[in-house]
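We did not get these values from a lab; they are worked out from the coordinates using the rules stated. Keep in mind the model is a prediction, meaning the values are calculated, not measured. Because the Cβ atoms are built from the backbone with ideal geometry, glycine has one as well, and the counts that use them run over all protein chains shown.
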Amino acid sequence: MLRHSVILKLKPSLGADEQRAFFKAVDSLATLPNVQKFEVLKQISPKNKFEYGISMEFATQEHYDFYTNHPEHEAFIQDFWLTSVDDFLEIDYQKISY
């Protein structure tokens, strides 16, 4: 299992309609093949500057790679991410055994 998380801050210049369009586009990523446990979250800690989180899981690295290279994901990056996101942190996790 691989958990893919992106923590982000939107550009301050984004209006309400642009934010709604961004999150509608984010939600569409949940329909791509192999995406599991998809969530969009509001970040509430005062300890960092980020505002939102997007989290999803994939059964294998190959499933994640397929998602990353999927034309709809790439279009989302070009059409929404690059124009809407001010800053972000991307983290990919795998469970550890000890």
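Remarks
- Selection within the range 9-56 - touching a residue at least 60 places away in the same chain (Cβ under 8 Å) and touching an Asp or Glu at 6+ places or on another chain (Cβ under 8 Å): LYS9, LEU10, LYS11, PRO12
- Scope the range 70-96; condition surrounded by fewer than 16 Cβ atoms within 10 Å (Cβ to Cβ) and either under 14 Å from HIS4 (Cα atoms) or touching a Pro at 6+ places or on another chain (Cβ under 8 Å) (or both); matching residues: ASP86, PHE88, LEU89, GLU90, ILE91, ASP92, TYR93, GLN94, LYS95
- Inside the range 16-42, residues that are of a type outside the set (Lys, Arg) and within 17 Å of SER84 (Cα to Cα) make up a count of 14.
- The strands (runs of 3 or more DSSP E) found entirely in the range 1-74 that carry 2 or more residues being farther than 16 Å from ASP92 by Cα are 2-10, 36-42.
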